[in-house]
């Protein structure tokens, strides 16, 4: 193919529409085209490399982040581009860490043999009874309730907190996770997962999220490789 390509030539080479090529140029995903003597756009190998890199980067970083990175590259701000790439990887890494922590906690809750303190009782437990059964202070149970990790109902006769079977189990799970070193935000996420179904269902949901993040990590790595291939082949330097 000629080194001077029309928009339709570039579009066919990459598998997009000519309109997409023009839009990508307008936004800054690809460098500006040169113009023929009659004013028509003309593209070259650099543009097809940019367009292919932009598509991989959009899949890996997200559309907006990819655009900002390519705009930085084309104005010679490689430092800014690298910082944006690092931020994308860091966000993904943090999401994977949080999901792995949640999954570990969910597995712990699902596998642990948590004795249901109120199973043989027809009456709910008061906070003192509950704290003794679980092995924590009553003040700790109140703190967890303030952080919305659990909820009690009140005895209409005297206003004392009462905990039924569901909340007893929830307190046991919170106690288990706190002993495992998990913070309130992580625990809140976990108990919400458990409230939506069984521990096993919550584990499977977390495993699916982790698998999705693993695939996102693969796309992010492919995006970074495409970016550096484009930069290296076109000798961009930072301003």
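We did not get these values from a lab; they are worked out from the coordinates using the rules stated. Being a predicted model, the structure only gives us computed values, none of them experimental. Cβ sites come from the backbone with ideal geometry, for glycine too, and all protein chains shown count toward neighbours.
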Handout entry: segment 161-211: C-alpha pair distances exceeding 15 Å, %
Key = 51 percent
Practice task
Using just the alpha carbons, could you tell me how many Å³ per residue the convex hull of segment 197-237 encloses?
Solution key: 47 Å³
Practice task
Fewest Cβ neighbours within 10 Å first, please rank 14, 171 accordingly.
Solution key: 14, 171
Practice task
Taking all pairs of distinct Cα atoms, average 1/r, flip it, and tell me the Kirkwood hydrodynamic radius of segment 34-88 in Å to one decimal place.
Solution key: 12.2 Å
Completion exercise
Plugging the Cβ-Cβ distance of residue 71 and residue 232 into 1/(1 + (r/R0)^6) at R0 = 22 Å yields, to the nearest 0.05, a FRET efficiency of 0.75
Practice task
Determine the gain in length on full extension of the stretch residue 142-residue 196; use 0.36 nm per residue of separation and subtract their C-alpha separation, reporting nm with one decimal.
Solution key: 17.1 nm
Handout entry: Full-extension gain in nm, residue 93 to residue 221, via 0.36 nm per residue minus C-alpha separation
Key = 44.9 nm
Fill in the blank from the handout: Taking Cα atoms, the helix 63-74 axis meets the longest principal axis of the chain at an angle in degrees (rounded to 10) of 40 degrees
Problem - Interatomic Cα distance distribution for the chain, bins of 10 angstrom, percent - result: 7, 24, 19, 13, 13, 12, 9, 4, 1, 0
Practice task
Kindly express, to the nearest 10 degrees and within the range 0 to 90, the angle between helix 45-61's C-alpha long axis and the longest C-alpha principal axis of the chain.
Solution key: 10 degrees
Handout entry: Alpha-carbon gyration tensor eigenvalues x 5, square-rooted, for segment 101-213, Å
Key = 26, 14, 12
Problem - the chain - mean residue ellipticity at 222 nm from DSSP helices (-39,500 (n - 2.57) per run, n ≥ 4, rounded to 500) - result: -22500 deg cm²/dmol
Practice task
Just rank 36, 131, fewest to most, by other beta-carbon atoms within 10 angstrom.
Solution key: 36, 131
Handout entry: the chain, relative contact order [Cα under 8 Å, separation at least 6], %
Key = 26 percent
Handout entry: Cα-based helix-to-principal-axis angle, 78-111 vs the chain, degrees rounded to 10
Key = 30 degrees
